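Peer 1: Attaching a single structure in structure tokens format; questions to follow.
Derivation of every value follows stated rules applied to the coordinates shown; laboratory data play no part. Remember, it's a predicted structure, so these values are computed and weren't measured experimentally. Neighbour counts run over all protein chains shown; Cβ positions are idealised from the backbone, glycine included.
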Amino acid sequence: MKLLLIEDDGELARSLVDRFREHGYAVDHAADGAAGLARVLREEFDAVIVDRMLPGMDGLEVVKALRRERATPVIYLTTMGGIDDRVRGLEAGGDDYLVKPFAFAELLARIRALTRRTSGTVTRLAAGSIEMDLVERTVTRDGRRIELLPQEFRLMEYLLRNADRVVTRKMLLEKVWDIYFDPHTNVVESHISRLRGRLNAGFTVDAIQTVRGMGYRLLAAN
């Protein structure tokens with residue numbers, strides 16, 4: 001489960017990131033509205049937690065802009081607790097509204113409720129001839145089933161969600177392995193190599209392109 005926290009209070013953000021990670025979530029943090037919006041439009045997240053009062057682009061603007069592109073679940077986390085504030089937040093496209101100060105247990109419960117309601121929305125991913133069934137946990141290429149180990153499946157899912165986009169080694173370490181430092185190993189390279197071998201067996205086109213000096217790209221046409 002991947003969350004994006006858009007919060008300018010550094011101390012609160014660090015605390016929330018730590019707490020969510022303790023509960024098994026992968027969490028990214030953006031300290032202002034514009035950076036948060038750019039991140040959520042560039043990557044896939046299961047839910048977004050956004051403060052109303054942010055430097056530059058405020059929370060309402062972020063959610064309005066997001067709703068023009070994505071249906072990602074959004075919960076506001078803010079000191080603005082008036083009825084009018086709540087109404088404006090929900091009308092802008094937010095799904096839930098939690099007022100500071102708050103109990104982490106309540107925030108966690110609300111996030112779980114949001115993601116339960118939307119978890120069935122996308123059950124299949126595809127890029128060219130490659131298809132993934134997220135319910136059955138299967139992958140096929142041109143109708144031929146490809147057997148993947150659990151970590152290879154996670155890697156494949158992330159590449160599919162970002163098809164035709166370059167994903168860096170750092171992004172893969174964070175999103176697939178939940179590693180937020182460079183372990184100085186070839187774990188990414190070795191998994192990409194094995195995944196390539198499974199995907200490309202019997203095919204003439206390499207589905208995974210290496211972008212020199214940048215990272216990897218799953219080709220949408222393959």
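Peer 1: Working out 0.36 nm times the residue gap between THR138 and ALA113, then minus their Cα-Cα distance, what length gain in nm do you get to one decimal?
Peer 2: On the way: separation 25, 0.36 × 25 = 9.00 nm, distance 2.63 nm.
Full extension of this stretch gives 6.4 nm more.
Peer 1: Let me ask you something else. Could you give me the percent of Cα pairs per 5 Å distance bin for segment 1-45, shortest bin first, beginning at zero and ending with the bin that holds the maximum distance?
Peer 2: The percentages, shortest bin first, are 5, 25, 31, 23, 14, 2.
Peer 1: What are the equivalent ellipsoid semi-axes of segment 2-118, built from the alpha-carbon gyration tensor (square roots of five times its eigenvalues), in whole angstrom, biggest first? Kindly include the intermediate steps, with their values, before the conclusion.
Peer 2: Values: eigenvalues 65, 52, 43 Å².
Over the Cα atoms of segment 2-118, the semi-axes work out to 18, 16, 15 Å.
Peer 1: Moving on. Which residues in segment 1-26 place their backbone N less than 20 Å from a point set 7 Å from the Cα of PHE181 along the Cα-to-Cβ direction?
Peer 2: Counting backbone N atoms under 20 Å from the label point, the list is 14-26.
Peer 1: How many lysine pairs does the chain hold where the Cα atoms are under 25 Å apart and the two sit 8 or more places apart or on different chains? Before the final figure, lay out the partial values.
Peer 2: Values: LYS2/LYS64; LYS2/LYS100; LYS2/LYS170; LYS2/LYS175; LYS64/LYS100.
For the chain, the number of qualifying lysine pairs is 5.
Peer 1: For ASP58 and THR168, what does the FRET efficiency come to when R0 = 30 Å and r is the distance between their Cβ atoms, rounded to the nearest 0.05? It would help to have the intermediate numbers written out before the result.
Peer 2: On the way: r = 30 Å, r/R0 = 0.99.
With R0 = 30 Å, the Cβ-Cβ based efficiency is 0.50.
Peer 1: Quick one: length gained pulling ARG42 to ARG194 fully straight, 0.36 nm per residue minus the C-alpha distance? Walk me through the numbers on the way to the answer.
Peer 2: Values: separation 152, 0.36 × 152 = 54.72 nm, distance 2.65 nm.
That works out to 52.1 nm of additional length.
Peer 1: Take every DSSP beta bridge whose two residues both sit in segment 72-156, then give the antiparallel share in percent to the nearest 5.
Peer 2: Here the antiparallel bridges make up roughly 75 percent for segment 72-156.
Peer 1: At 222 nm, what helix-only mean residue ellipticity would the chain give, in deg cm²/dmol to the nearest 500, using -39500 (n - 2.57) for each DSSP H run of four or more? Numbers along the way, then the final one.
Peer 2: Values: 8 runs with 90 residues, N = 222.
Roughly -12500 deg cm²/dmol at 222 nm, from the helical runs in the chain.
Peer 1: Right, another one. Can you tell me what percent of all Cα-Cα pairs in the chain are more than 31 Å apart?
Peer 2: Values: 6722 of 24531 pairs.
Percentage above 31 Å: 27.
Peer 1: Quick check on the exposure proxy: order THR123, THR78 from fewest to most C-beta atoms within 10 angstrom. List each step's numbers first, then the result.
Peer 2: On the way: THR123 11, THR78 21.
Lowest to highest Cβ neighbour count: THR123, THR78.
Peer 1: Using every pair of alpha-carbon atoms in segment 124-218, split the distances into 5 Å bins beginning at 0 and state the percent of pairs per bin, rounded to integers.
Peer 2: All Cα pairs considered, the percentages come to 2, 13, 27, 27, 19, 8, 3, 0.
Peer 1: Taking only C-alpha pairs under 8 Å that are 6+ residues apart, what is the relative contact order of the chain in percent? Could you put the intermediate results ahead of the total?
Peer 2: On the way: 331 pairs, mean separation 30.9, N = 222.
For the chain, the relative contact order is 14 percent.
Peer 1: While we're looking at this one, here's another question. Taking 0.36 nm per intervening residue step and subtracting the Cα-Cα distance, what contour gain separates GLN209 from ILE83 on full extension?
Peer 2: Values: separation 126, 0.36 × 126 = 45.36 nm, distance 5.11 nm.
This chain segment gains 40.2 nm when fully extended.
Peer 1: Okay, next question. How big is segment 62-151 by Rg and Dmax over its Cα atoms, in Å?
Peer 2: 18.4, 56
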